[in-house]
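Since the structure comes first, as structure tokens, the remarks are kept for the end.
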Amino acid sequence: GGAGPVGSRGTGAPFEAAETALRWLFNHDANAEAVDPADLTAKFVNDSGMPNAWVVQVGSFALLDDAATLNQDLTNQGYESYFRLTPGDADNPNLYKVYVGPIINSDEARDTFSRLNQQLDNRAILLRFEP
């Protein structure tokens, strides 16, 4: 008899399955383009005529597996989430960044950010959604 299937732990604290991955969680480019939750506009469209939308960045990982695991955990919790590769350069590694969103409603964006930020010890980042 071998070990049970991976991820068969009970549903306890949020991100339980990603506990180990969270050690590698970092947002080194933290406030590059961070949006202040207090500054969210309720306007549906921005000045260039595009819909306003936001995402919450919940992690940056060097390893694809870590990003995929966190993404799956978020999906299991009912969040709309995705991840995307941000290519590095001479000074920075390639990073797989995990996002929740996009969220078009400013109040919902604020609530989601605040909820995730609490779960992540204030390491979530609110960003404008770039398609």
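Since every read-out is calculated from the coordinates, none of them should be taken as a lab result. Being a predicted model, the structure only gives us computed values, none of them experimental. Cβ coordinates were reconstructed from backbone atoms using ideal geometry, including for glycine residues, and neighbour counts include every protein chain displayed.
The figures follow:
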{"item": "Net dipole in debye of the range 30-131 [+1 Lys, Arg Cβ; -1 Asp, Glu Cβ; about Cα centre; nearest 20]", "result": "140"}
{"item": "Computed over the range 29-110, the ratio Rg/Rh where both radii use C-alpha atoms and Rh is Kirkwood", "result": "1.02"}
{"item": "For residue 95, distant residues with modelled amide H under 5 Å away", "result": "86, 88"}
{"item": "Quarter of Cα convex hull surface for the range 71-131, i.e. mean projection, nm²", "result": "4.9"}
